[in-house]
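The values are calculated or read from the model by the stated rules, or taken from the named source; none is laboratory data. This is a predicted model, so every value here is computed, not measured. Note that we place each Cβ from the backbone using ideal geometry, even for glycine, and neighbour counts take in every protein chain shown.
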Amino acid sequence: MTNLNQLPVDLPIPQDDGSTNHLKGMKLPNVSLSATNGKAINFGDIKGKLVIYCYPMTGQPNVALPDGWDQIPGARGCTPQSCSFRDHYQELQALGAEVVGLSVQTSEYQKEMAERLHLPFPVVSDVNYQFQQALNMPTFVAAGMTLLKRVTLIANNGVIEAVHYPIFPSDSDPAWVIDYLKSH
């Protein structure tokens, strides 16, 4: 069975296709989405620094990943990315930032992952693509599912000020965010 916590060494590296060039300077959408902590989070209402890491989908133990998953540049690595944000969460908070994960899976699907990985921050479900459509976030299709490409947004008082894309390897994302926060 696939080890979701470990990245294969031969993954294809995603290339910058320009699909996030429009995001910097945009306001976070005024959409309210369900989170794994049982609350609804409205991105348009959040003040201060917010890190939103958007990811395709997390695998589940004993459930096969979609066919060809490891051949899709940037698809593999959602569990290592989430674990890396978990491991750096206190440092990110010390830098004045809150963290939210976001994917198009249902809150029920996400709750299993958040509990299994002991995530100290909420993960938000964009199951109806409200966030994705409002910001024209990049997507790809795998096994008939439209999924978000891996993108991390840093917003300050509701305005996106930095975009990390493409992200590779996925678990390097928090280090990029920390470097950004320390220098800004």
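See the values below:
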{"read-out": "Residues of segment 122-138 satisfying the condition of being more than 26 Å from ASP16 (Cβ to Cβ) and either hydroxyl-bearing (Ser, Thr, Tyr) or within 12 Å of the chain's Cα centre (by Cα) (or both)", "value": "PRO122, SER125"}
{"read-out": "Hey, THR58 surrounded by 15 or more Cβ atoms within 10 Å (Cβ to Cβ), modelled with pLDDT under 95 and not in a loop (DSSP other than H, G, I, E, B) or not", "value": "no"}
{"read-out": "Qualifying position, being more than 16 Å from the chain's Cα centre (by Cα), modelled with pLDDT of 95 or more, within 17 Å of GLN60 (Cβ to Cβ) and outside any loop (DSSP other than H, G, I, E, B), among GLU115, GLU161", "value": "GLU115"}
{"read-out": "Any pair with Cβ under 8 angstrom, 6 or more apart, that starts in segment 161-174 at a residue that is more than 12 Å from TYR53 (Cβ to Cβ) and ends at one that is aromatic (Phe, Trp, Tyr)", "value": "ALA162/TYR180"}
{"read-out": "Verdict on SER183 being loosely packed, with under 14 Cβ neighbours inside 10 Å and modelled with pLDDT of 95 or more", "value": "yes"}
{"read-out": "Residues located in segment 139-159, provided they are closer than 15 Å to SER19 by Cα and crowded, with 20+ Cβ neighbours inside 10 Å", "value": "LEU147, LEU148, LYS149, ARG150, VAL151, THR152, LEU153"}
{"read-out": "Evaluation of ARG76 against (1) at pLDDT below 95; (2) part of a loop (DSSP other than H, G, I, E, B); (3) under 12 Å from the mean Cα position of the chain (by Cα) (one fails), failing number", "value": "(3)"}
{"read-out": "Any hit, segment 9-16, residues being surrounded by fewer than 11 Cβ atoms within 10 Å (Cβ to Cβ) and either among the β-branched types (Val, Ile, Thr) or assigned to a strand (DSSP E or B) (or both)", "value": "yes"}
